[in-house]
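The values are calculated or read from the model by the stated rules, or taken from the named source; none is laboratory data. If you're wondering where the values come from, they're calculated on a predicted model, not measured in any experiment. FYI the Cβ positions are ideal-geometry reconstructions off the backbone, even for glycines, and counts take in every protein chain you see. The accessibility values were calculated without ligands, DNA or RNA, using every heavy atom of the protein model including side chains. Shrake-Rupley method; radii C 1.70, N 1.55, O 1.52, S 1.80 Å.
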Amino acid sequence: METKRIVVYLNQFFGQIGGEEEANTPPQSFDKPVGPGMGLQQLLPKNCTIVGTIVCGDGYFNENLEEASATVQKMLDNFKPHVVVAGPAFNAGRYGMACGTVGKIAHEMGIPAVSGMYPENPGVESYRQYLYIVETGNSAASMRTALPSMAKLAGKLANHESIGTPAEEGYLSRGIRRNIFVEKRGSERAIEMLLKKLNNEGFDTEYPIPHFDRVEPAQALTDLSKVTVALVTSGGIVPKGNPDRIEASSASHYGKYSIKDLTSLSSDSFETAHGGYDPVYANQAPDRVVPVDALRALEKEGKIGQLFPYYYSTVGNGTSVANAKSFAAEIAQELVSEGVQAVILTST
Amino acid sequence: MVKEIERVGIPVVHVCTVTPISLTVGANRIVPAVAIPYPLGNPKLTGEEEFNLRKKIVEQALFSLTESVSEQTVFD
């Protein structure tokens with residue numbers, strides 16, 4: 001069988017460059033498998049060889065999308081892979097967005113790509129039409145189950161074998177419909193499903209209704225000089241010592257903290273509880289995440305009516321959509337009853 | 001989180017660095033920030049320059065709340 005070339009994309013952590021302090025590393029390429037690529041190589045069909053690894057810091061990739069994309073494209077051009085494998089990124093948002101972008105670049109170059117992500121990773125929704133994304137758990141603990149599915153898909157793509165449905169192959173639905181031949185015509189299948197439904201039996205829909213959860217933009221404000229503005233953040237700024245013990249990752253709750261009479265958030269009294277990004281800058285000056293100083297100045301200038309005397313904070317890192325939704329729904333109710341008319345929500 | 005706040009009718013602006021995530025999530029008013037670890041700041045600037053930068057981003061965020069939007073809008 002013809003030898004097939006595989007290239008793997010990894011972030012700075014899995015690429016063994018370093019932790020969060022190396023998140024600003026620009027793309028680098030290596031002519032061999034690195035980190036999870038070693039395990040992947042063992043699982044790939046015999047005719048598939050990992051000829052290269054591209055490693056880039058998650059911070060660099062997301063903050064310099066155009067430059068990073070251009071460099072990765074050049075590297076892929078040099079490696080000339082038959083298939084690109086990106087990640088797995090599990091529930092790491094920045095890593096998932098990077099893997100998805102790499103998949104899109106490969107797709108545009110005519111190269112199929114495979115990644116692995118937790119279904120709530122924003123990379124899934126943004127990029128699933130460009131690459132196959134195997135469903136993984138939300139942390140690297142699921143590496144052992146992720147790699148075999150990814151290797152199997154990558155091998156099939158490299159060898160031009162046909163790819164089964166998402167359920168058969170373990171990847172997340174790409175929103176693509178394909179014609180297939182089946183024994184029974186549509187009306188019969190629909191009646192069968194309907195009967196099962198009426199009998200409270202389980203059935204598999206052939207076309208799940210897409211769920212678009214969009215909210216209409218709220219009406220614009222005409223005069224901010226009389227408006228109370230509140231600050232909300234997913235950047236994890238908390239009073240020093242983190243009194244409510246908000247988790248560094250996968251937060252289970254949020255906090256409400258007084259900023260009454262404060263002209264800024266000093267590094268003596270506030271810090272970040274957020275994991276997954278380098279906390280040095282937020283700890284040095286928490287206003288970089290929750291801009292109390294700027295809003296106080298604007299309050300003084302009369303540009304806004306007043307700054308709401310509390311801010312709300314949670315950690316966005318790996319926090320489930322369901323939790324974030326319930327935190328914000330509670331916060332929103334409270335803001336309404338307190339007469340807050342505008343919100344600035346900051347994220348890291 | 002932005003959607004739940006907007007759902008009760010309060011106009012909300014999302015200030016964040018990775019705007020594609022914000023667009024995916026469904027924020028309607030988005031203002032791009034500086035960097036992931038310091039969205040509203042820049043440690044390379046002097047204190048005064050940094051404050052002015054932060055104030056400018058906040059002013060842009062407030063401006064977005066006074067603009068009528070009918071679809072997701074990034075206020076560059």
Please give the length that would be gained between A:ASP31 and A:LYS300 if that part of the chain were fully extended, namely 0.36 nm times their separation in residues minus their C-alpha to C-alpha distance (nm, one decimal). 91.0 nm
Magnitude of the charge dipole, the stretch A:224-346, Cβ model with Lys/Arg +1 and Asp/Glu -1, debye to 20: 200 debye
Evaluate peptide A:122-133: per residue, the Cβ atoms of other protein chains within 10 Å of its Cβ; return the mean as an integer. 2
Going by amide H atoms built from the backbone, whose H comes under 5 Å of the H on A:ILE304, apart from near neighbours? A:GLU299
Pairwise FRET efficiency - A:ARG245 versus A:ALA141, Cβ, R0 = 25 Å, nearest 0.05: 0.65
So A:GLN16 and A:GLU206, fully extended at 0.36 nm per residue minus their Cα-Cα distance, gain in nm 64.1 nm
What's the FRET efficiency of A:SER337 with B:GLU48 using the Cβ-Cβ distance as r and R₀ = 35 Å, to the nearest 0.05? 0.35
Three-way shape label, the stretch B:2-74, alpha-carbon gyration tensor, a/c 1.5: prolate
If you average the alpha carbon positions of the stretch A:110-178 and of the stretch A:239-272, how far apart do those two centres end up, in angstrom? 38 Å
Can you work out the Karplus-derived ³J(HN,Hα) for every residue in the stretch B:14-27? Use 6.51 cos²θ - 1.76 cosθ + 1.60 with θ = phi - 60°, whole Hz, and x for glycine or proline. 9, 9, 8, 7, 8, 4, x, 5, 4, 5, 5, 5, x, 5
Just tell me how shielded B:51-59 is by partners: mean number of partner chain Cβ atoms within 10 Å of each residue's Cβ, no decimals. 5
Output for the stretch A:1-84: trypsin sites (Lys or Arg not before Pro) sitting in coil per DSSP, at most 13 other Cβ within 10 Å, listed by number, reads A:LYS46
With unit charges on the beta carbons (Lys and Arg positive, Asp and Glu negative) and the dipole taken about the Cα centre of the protein assembly as shown, which residue among A:SER173, A:ILE163, A:SER142 sits farthest to the positive side? A:ILE163
Checked against a 20 Å limit on the C-alpha separation, the offending pairs among A:LYS226/A:LYS300; A:LYS46/A:LYS74; A:LYS300/B:LYS3 are A:LYS46/A:LYS74; A:LYS300/B:LYS3
Kindly rank B:33-41, A:230-238 from highest to lowest mean number of other beta carbons found within 10 Å of each residue. A:230-238, B:33-41
Total formal charge among the other residues, if their Cβ is under 14 angstrom from that of B:GLU6, Lys/Arg +1 and Asp/Glu -1: +1
Taking the Cα-to-Cβ direction at A:ASN179 and at A:HIS253 and moving 7 Å from each Cα, how far apart do the two end points lie in nm? 5.8 nm
With +1 on each Lys and Arg Cβ and -1 on each Asp and Glu Cβ, how big is the dipole of the stretch B:2-74 about its Cα centre, in debye rounded to the nearest 20? 100 debye
Total accessible surface hidden between A and B, rounded to 100 Å², 1.4 Å probe: 4500 Å²
I need the helices of chain A that pass two filters: whole DSSP H segments spanning 15 Å or more by Cα along the axis, and mean Kyte-Doolittle score no lower than 0.5. A:321-337
Tell me the accessible surface of A:PHE79 in square angstrom (1.4 angstrom probe, heavy atoms of protein chains only), to the nearest ten. 20 Å²
Calculate the FRET efficiency for A:ALA70 and A:ASP223 from the Cβ-Cβ distance with a Förster distance of 56 Å, rounded to the nearest 0.05. 0.80
Calc'd 3J(HN,Hα), the stretch A:304-316, phi into Karplus 6.51 cos²θ - 1.76 cosθ + 1.60 (θ = phi - 60°), Hz, glycine/Pro = x, comes to 10, x, 7, 8, 4, x, 10, 10, 10, 9, 9, 10, x
